[in-house]
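Q: The structure is given below, and queries will be raised subsequently.
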Amino acid sequence: AQTVTQSQPEMSVQEAETVTLSCTYDTSESNYYLFWYKQPPSRQMILVIRQEAYKQQNATENRFSVNFQKAAKSFSLKISDSQLGDTAMYFCAFTSNYGGSQGNLIFGKGTKLSVKP
Amino acid sequence: KAGVTQTPRYLIKTRGQQVTLSCSPISGHRSVSWYQQTPGQGLQFLFEYFSETQRNKGNFPGRFSGRQFSNSRSEMNVSTLELGDSALYLCASSSTIGGPGANTQYFGPGTRLTVL
């Protein structure tokens, strides 16, 4: 079975500093997609960043970047220049989207990030 | 493009009743997935619809059902509500056509269901 593990239930960071959230996953698939979503107190689930497993280059989106280590099955999120608006629950998610897995995102338990002024 | 919309945003029901939640996907998206989010179990996959067909189903009892219409709008129904069905129900849509956004799910704001 495919699983996603986030080992840090809570983290905090000072405004303007950098923080890294960890995620590991387990799969026997060779091609898949990994995501980071944020869920602020409003509960709206917002896509932060996306990585396709066959792409070796790490994805970046403005202040957000990932460190994708396929062999180690690790997918960490780095947030640079943290802002108060980054305060949210962050979920790591996986999908292979192949037969039997269509439309099924497997989520980790989440990391609650607090950005302090 | 407009985002994923869900109605209603909040619902209060009593045990034994049934409820129907609605989801309108992003224009052009044909895949719609549903998730249940609770503090204890986290985010759990309910089912996925594509072109009016259920392609995938999570591990939920038969009281949870869904359907998709020809315009890709989807509904989910929960019959004989139990207290444990209180949750945030999230709907997400995705495009299956190739491109940078393919296979990426975009979520609606959710429907918060409270069962008394």
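Q: What does the convex hull of the alpha-carbon atoms of the protein assembly as shown project to on average, in nm²?
A: 12.7
Q: Would you kindly work out the equivalent ellipsoid of the range A:3-117 from its C-alpha gyration tensor and give its semi-axes, the square roots of five times the eigenvalues, largest first in whole Å?
A: Taking √(5λ) for each Cα gyration eigenvalue gives 24, 15, 12 Å.
Q: From other protein chains only, count the Cβ atoms within 10 Å of every residue's Cβ in B:47-53, then give the mean.
A: Counting other chains' Cβ atoms within 10 Å and averaging over B:47-53 gives 2.
Q: What number comes out for the charge environment of A:SER65, summing +1 per Lys or Arg and -1 per Asp or Glu over other residues with Cβ under 13 Å away?
A: Residues close to A:SER65 contribute a combined charge of +1.
Q: Additional query: Hey, got the Cα dimensions of chain B along the principal axes, in Å, largest first?
A: Principal extents (Cα only, largest first): 44, 25, 23 Å.
Q: Still on this structure: Of A:ALA16, A:ALA71, A:ALA88, which has the largest mean-square fluctuation in a 10 Å C-alpha GNM of chain A?
A: Among A:ALA16, A:ALA71, A:ALA88, the largest mean-square fluctuation in the Gaussian network model of chain A belongs to A:ALA71.
Q: Quote the relative contact order of chain A in percent (integer), defining contacts as alpha-carbon pairs under 8 Å separated by 6+ residues.
A: Once divided by the residue count of chain A, the mean separation gives 37 percent.
Q: Pairs to check: A:LYS70/A:LYS109; A:LYS112/B:LYS1; B:LYS1/B:LYS57; A:LYS73/B:LYS57. Give those whose C-alpha atoms are more than 24 Å from each other in this structure.
A: A:LYS112/B:LYS1; B:LYS1/B:LYS57; A:LYS73/B:LYS57
Every number here is computed from the coordinates shown, using simple stated rules; none is lab data. Only a predicted model underlies this, so the values are computations on that prediction, with no experimental measurement involved. Neighbour counts run over all protein chains shown; Cβ positions are idealised from the backbone, glycine included.
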